[in-house]
Amino acid sequence: MGSRANISKDINVTSQTIVITGANRGIGLQFVKNYLNLGAHVIAGCRSPENAPELQALRKELGDHLKILPLDVKVQASVSAFARAIGERPVDLLINNAGIKGAVKQSSFEMDYESWMEVMDINAMGPLRVFQALETNLKTGQDTKIITISSQMGAMSFPGASNIAYRSSKSAVNKVMCCLAEDLAGDNITVAMLHPGWVKTDMGGDAAEVTVADSTAGMMKVIDALTFGDTGSFYKWNGEQHDW
Ligand SMILES: NC(=O)c1ccc[n+]([C@@H]2O[C@H](COP(=O)([O-])OP(=O)(O)OC[C@H]3O[C@@H](n4cnc5c(N)ncnc54)[C@H](OP(=O)(O)O)[C@@H]3O)[C@@H](O)[C@H]2O)c1
């Protein structure tokens, strides 16, 4: 079921229900594999379950530890149907992973505005849409954590002026999640953002610095170590705090 070489066996998730968005490839799929390897119950949201062969194979192997549900985080009706399919089941960990980079034209001088809107819709609004649909499930979870896979590209402290649509969507989602952290402070729910590194996926490309296995294993350690005192914070995959 894929590599588990770097996954700490100290992470105890056997009693947890974990929701992962964008779960059919890249970082999301690796999270699914890793958490299943550790015995968690995983609900994998993806746009086309029928075109997700790796998830389907895992489902055959593991039966009811894995539920695969259709989810397009850009479409309210899809997010609502996703929540209805989960029903009243408590959710202990939500990983908002689904994301897109957007069109090639996204510089200060040339911008595909349609694509920018889509990037904002998926990357910045999607995580809040999913939270709102699962609010009750998350509030009934144990030591609930809401994790959003953000990016260093969204940090004001990180240089560079390319990919404006993508960068601004990650800056926006950081702020949205900081607001959510504040609003959930009375519920003891930990909200945090993670930069996964520059990762070898379809989005990151072959020249990227970090393997999917190392990135997810590192982020899982970070997620496991997070406490409510960390709510509203931004971490890198290797455990270092990220500057805003
Ligand atoms: N790779 C990197 O270097 C890097 C660096 C920093 C941050 N990140 C972030 O890490 C997350 C995962 O990225 P990745 O590298 O694994 O990218 P990826 O390989 O391109 O995978 C993206 C995933 O998001 C899904 N997705 C896209 N739009 C969606 C929507 N509207 N509803 C539901 N799912 C949707 C995709 O589903 P489909 O197969 O249906 O398209 C796919 O499963 C993203 O949020 C990304 O911004 C990545």
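Six or more apart or on different chains, Cβ under 7 Å: which pairs go from a residue in the range 61-78 that's free of Cβ contacts under 8 Å to residues at least 12 places away in the same chain to one that's near the ligand (Cβ under 8 Å from one of its atoms) and not hydrophobic (A, V, I, L, M, F, W, C)? Could you list them?
Cβ pairs passing all conditions: S78/D72.
Is it fair to say E54 is within 23 Å of M219 (Cβ to Cβ) and open to solvent by 80 Å² or more (accessible area, probe 1.4 Å)?
yes
Quick one: count up the residues across the range 205-234 that are crowded, with 20+ Cβ neighbours inside 10 Å, part of a loop (DSSP other than H, G, I, E, B) and within 9 Å of the ligand (Cβ to nearest atom).
The qualifying residues number 0.
So, of the residues in the range 30-72 that are of a type in the set (G, A, S), within 11 Å of the ligand (Cβ to nearest atom) and out of contact with any Cys (no Cβ under 7 Å at 6 or more places or on another chain), which turns out to be farthest from I149 (Cα to Cα)?
Per the stated criteria, the residue is S48.
Limited to the range 118-132, what total is found for residues that are away from the ligand (no atom under 13 Å from the Cβ) and over 26 Å from A225 (Cβ atoms)?
Number satisfying all stated conditions: 1.
Only residues in the range 214-235 that are over 15 Å from I18 (Cα atoms) and free of Cβ contacts under 8 Å to residues at least 40 places away in the same chain count as the first member; pair them with residues that are open to solvent by 10 Å² or more (accessible area, probe 1.4 Å) and of a type in the set (D, E), Cβ under 9 angstrom, at least 6 apart or cross-chain, and list the lot.
The qualifying pairs are T227/D143.
State yes or no: is L184 within 22 Å of M125 (Cα to Cα) and more than 14 Å from the ligand (Cβ to nearest atom)?
In short, yes.
Please pick out the residue among V191, V222, V210 that is of a type in the set (V, I, T) and touching a Ser or Thr at 6+ places or on another chain (Cβ under 6 Å).
When all the criteria are applied, what remains is V191.
In this structure, is S48 under 13 Å from G22 (Cβ atoms) and loosely packed, with under 14 Cβ neighbours inside 10 Å?
For S48, the condition - under 13 Å from G22 (Cβ atoms) and loosely packed, with under 14 Cβ neighbours inside 10 Å - is met.
Among the listed residues M111, M156, identify the single one that is away from the ligand (no atom under 13 Å from the Cβ), under 21 Å from D243 (Cβ atoms), open to solvent by 10 Å² or more (accessible area, probe 1.4 Å) and out of contact with any Gly (no Cβ under 6 Å at 6 or more places or on another chain).
Of the residues listed, the single one that is away from the ligand (no atom under 13 Å from the Cβ), under 21 Å from D243 (Cβ atoms), open to solvent by 10 Å² or more (accessible area, probe 1.4 Å) and out of contact with any Gly (no Cβ under 6 Å at 6 or more places or on another chain) is M156.
Yes or no: the range 69-82 includes at least one residue that is closer than 25 Å to D143 by Cβ, assigned to a strand (DSSP E or B) and not aliphatic (A, V, I, L, M).
no
Give the range 83-108 a look and list any residue that's under 23 Å from M193 (Cα atoms), more than 9 Å from the ligand (Cβ to nearest atom) and either open to solvent by less than 20 Å² (accessible area, probe 1.4 Å) or touching a Gly at 6+ places or on another chain (Cβ under 6 Å) (or both), or say none.
Within the range 83-108, A83, P90, V91, D92, L93, L94, I95 qualify.
What pairs come up if the first residue lies in the range 139-162 and is among the aliphatic types (A, V, I, L, M) and modelled with pLDDT of 95 or more, the second is surrounded by 14 or more Cβ atoms within 10 Å (Cβ to Cβ) and in a loop (DSSP other than H, G, I, E, B), and their beta carbons are under 7 Å apart, counting only those six or more places apart or on different chains?
These pairs meet every condition: I146/I189; I149/N97; I149/G99; I149/P196; M153/N163; A155/H242; A155/W244; M156/W244.
Those residues that are outside any strand (DSSP E or B), more than 16 Å from the ligand (Cβ to nearest atom) and touching a residue at least 60 places away in the same chain (Cβ under 8 Å), I need them from the range 14-29; list them, please.
Listed by number, the residues that qualify are S15, Q16.
The values are calculated or read from the model by the stated rules, or taken from the named source; none is laboratory data. Since the model is a prediction, treat every value here as computed from it, not as a measurement. Cβ sites come from the backbone with ideal geometry, for glycine too, and all protein chains shown count toward neighbours. Please note that ligands, DNA and RNA were not included when accessible areas were found on the heavy atoms of the full protein model with its side chains. Shrake-Rupley method; radii C 1.70, N 1.55, O 1.52, S 1.80 Å.
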